[in-house]
Structure formats: C-alpha cells, structure tokens
Amino acid sequence: GVSPLAMRAMQQAITDLARYPDGNGFELKQAIVKTFGVEMSQVVLGNGSNDVLDMAARAFLAPGLEAVYSEHAFAVYPLAVQSAGATGIEVAARNYGHYIAGMRRAVTPATRVVFIANPNNPTGTLVPGRELEVFIDGLSREVLVVLDEAYREYLAPEHRYDSIGWLKRFPNLVVTRTFSKVYGLAGLRVGYALAAAGVADLMNRVRQPFNVNSVALAAAAAALED
Ligand SMILES: *Cc1c(COP(=O)(O)O)cnc(C)c1O
C-alpha cells in the first residue's frame with residue numbers, strides 16, 4: 001500500500017492544484033539522483049513506466065526499423081513498437097521466460113531496440129544478471145536495450161544485479177523502474193527511466209511537458225525517501 005509519507009505529501013500537493021506541475025520534475029529527480037547515485041541528466045520521468053517505454057519506442061523506432069522482445073513478455077512492448085510504425089520481432093520463449101540466445105540471433109542491422117522485462121510480468125521468470133550483462137556487452141552499441149525492472153524490488157538479495165552500475169559501461173542501456181508495484185502507487189501513474197545522458201535527452205524530447213502530475217511527483221519523491 002501507500003507510504004504514510006506519500007499520503008501526507010499528496011494531501012499537501014492537492015492544496016496547490018491551480019498550478020501546473022513542475023515540467024522538469026526537479027524534486028523527484030533529485031530524490032532519484034540521491035537514491036541511485038546517477039546524474040540529473042540521466043533521468044526521464046514518465047506517466048507510469050508505460051510512458052517511458054513508449055518514449056523509447058518513439059525516440060528510437062520508425063517504419064523500416066525493428067524491435068525485439070520475447071513471447072509472454074510485458075504486453076506494452078508490441079503496442080509501443082506498433083504505434084511507432086516499426087516491426088516487432090517476437091522471439092519464442094523458453095520455459096515461459098526470455099530465451100536470450102534466440103533474442104541475440106533475432107537482432108539484425110534494422111534492430112534499434114531490444115525490450116527485456118526482468119523479472120518478467122506476467123510469467124514471473126528471471127534472466128540471471130550475469131547472463132544479461134554478457135548479452136548487452138555482446139550487442140552493437142547501436143541497439144538500445146530497454147531493461148524493464150518494474151518488479152526489481154521483489155528479487156531476493158542473491159538474485160539482484162547492479163543494472164544502474166552498468167549504465168557507466170553501456171551507453172545503449174535504458175533501465176526502467178516504477179512506483180506502481182512495491183511503492184503501491186499504480187493509480188497515480190509515475191515511473192522513470194535511467195540512461196546515459198544523451199539517450200535520456202532524446203527520450204525527453206518526445207516527452208509531453210507535463211506528463212507527470214503534481215500529486216504524483218510529490219507522492220513518488222516522498223515514497224522513495226520513506
Ligand atoms: C507493471 C509493469 C510495468 C508498467 O507499470 P507502470 O504502472 O506503467 O509504471 C512495466 N513493465 C512491467 C514488467 C510491469 O509489470
């Protein structure tokens with residue numbers, strides 16, 4: 001459920017609804033920067049992480065280009081790819097999870113984005129961090145890897161891996177996270193992406209200026225610090 005601190009922050013925020021939200025989301029970005037040790041320029045805020053997934057598709061895909069994702073992966077990937085006019089390549093799953101070797105083989109010179117949900121929803125499978133790291137390292141830096149970690153906080157400590165640390169080595173990596181799951185704020189719609197500053201900049205160019213509302217901004221910052 002909702003953090004009591006987030007509840008209080010929302011009550012405060014609704015006293016000021018006549019104003020537009022901060023289009024740059026400064027306070028929430030600061031809370032994210034403080035929590036994860038990234039730069040402000042690496043953060044993209046979304047109306048749920050659905051929104052940042054869509055921004056990645058709109059910034060990097062177009063007709064004639066391809067995106068790779070797994071069978072049984074998160075349902076939004078094919079929708080985002082389709083709405084960008086690009087071609088989705090669905091790779092058959094293995095044991096209901098991502099078949100990484102098959103996904104690597106599905107990458108062609110037309111591929112610009114690979115989507116991976118880890119852990120996956122709806123099947124609950126996990127690609128071990130080490131396998132993922134080797135996969136990303138072996139890809140062309142021209143191929144963006146969107147690593148969707150909506151359920152990351154539920155992983156047992158021994159299954160966790162440092163995807164945010166990988167951003168220093170992989171300029172083509174986008175890590176997405178959300179306040180919808182462990183923070184219990186799904187109804188507010190707020191999520192974010194972390195990436196190299198150049199990639200974050202491209203995603204921010206296709207972002208609607210007030211995509212995250214002021215109540216959501218306040219609640220998310222408070223929840224993160226609770
Ligand atoms: C829930 C979920 C999302 C999207 O959540 P938002 O509410 O849009 O932040 C994205 N990916 C996966 C795998 C999910 O389970």
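Mind jotting down the three principal axis lengths of segment 36-92 based on Cα atoms? Whole angstrom, largest first.
That gives 36, 24, 18 Å along the principal axes, largest extent first.
Figure the gain on full extension for Glu71 and Leu17 (residue separation times 0.36 nm, minus the Cα-Cα span) and round it to one decimal in nm.
Between Glu71 and Leu17, full extension yields 15.2 nm more.
So what are the ³J(HN,Hα) numbers for segment 163-178, from phi and the Karplus equation (6.51, -1.76, 1.60; θ = phi - 60°), rounded to whole Hz, Gly and Pro as x?
Per residue, the Karplus-derived 3J(HN,Hα) values read 4, 5, x, 5, 4, 5, 9, 10, x, 9, 9, 10, 9, 10, 9, 9 Hz.
Computing the accessible area with a 1.4 Å probe over protein heavy atoms, can you report the carbon and sulfur percentage for segment 66-153?
Looking at segment 66-153 in its full context, I get 50 percent from C and S.
Val182 to Ser41: extension gain in nm, 0.36 nm per residue of separation minus the Cα-Cα distance?
Extra length available between Val182 and Ser41 comes to 48.3 nm.
Got the relative contact order for segment 92-226 handy, in percent, Cα pairs under 8 Å and 6 or more residues apart?
Relative CO of segment 92-226 lands at 18 percent.
Can you give the accessible area per residue of segment 89-211, in Å², using a 1.4 Å probe?
Accessible area per residue, segment 89-211: 45 Å².
Rounded to the nearest 0.05, what FRET efficiency is calculated for Arg205 and Ala101 with R0 set to 30 Å and r the Cβ-Cβ distance?
0.30
Compute the projected area of the convex hull of the Cα atoms of the chain, averaged over all viewing directions, and report it in nm² to one decimal place.
About 11.7 nm², averaged over all directions.
Hey, can you find the accessible area per residue of segment 1-49 for me, probe 1.4 Å, expressed in square angstrom?
Roughly 61 Å² per residue, with all protein chains present.
Kirkwood Rh over alpha-carbon pairs of segment 137-193, then Stokes-Einstein at 25 °C and 0.890 mPa s: what D in µm² s⁻¹, rounded to an integer?
Rounded to a whole number, D works out at 194 µm²/s.
If you take all C-alpha pairs in segment 30-130, what percent of them are over 17 Å apart?
57 percent
Considering amide H positions built from the backbone, and no H for Pro or chain starts, which residues 5 or more places from Thr111, or on another chain, come under 5 Å of its amide H?
It is Glu66, by chain and number.
Using a cut-off of 12 Å between beta-carbons, work out the net charge of the residues near Lys29 (Lys and Arg +1, Asp and Glu -1, Lys29 not included).
Spelling it out: positives minus negatives among the neighbours equals -2.
Along the Cα-to-C-beta direction of His159, a point sits 7 Å from the Cα; which residues of segment 78-108 have their amide N less than 17 Å from that point?
Under cut-off, by backbone N: 94-100.
Over the C-alpha atoms of segment 147-226, what are the Rg and the largest Cα-to-Cα span, Dmax, in Å?
13.7, 39
Where the centroid of each part is defined by its Cα atoms, how far is segment 43-100 from segment 103-177 in Å?
If we compute the Cα centre of each part, the gap is 13 Å.
I want the local charge near Asn121. Using Cβ-Cβ distances under 12 Å, sum +1 for each Lys or Arg and -1 for each Asp or Glu among the other residues.
Once all neighbours under 12 Å are counted, the net charge is 0.
The values are calculated or read from the model by the stated rules, or taken from the named source; none is laboratory data. For clarity, every value in this text was computed on a predicted model and none was experimentally measured. Cβ atoms come from the backbone with ideal geometry, glycine included; neighbour counts cover every protein chain shown. Side chains are part of the model used for accessible areas, which takes the heavy atoms of the whole protein and leaves out ligands, DNA and RNA. Shrake-Rupley method; radii C 1.70, N 1.55, O 1.52, S 1.80 Å.
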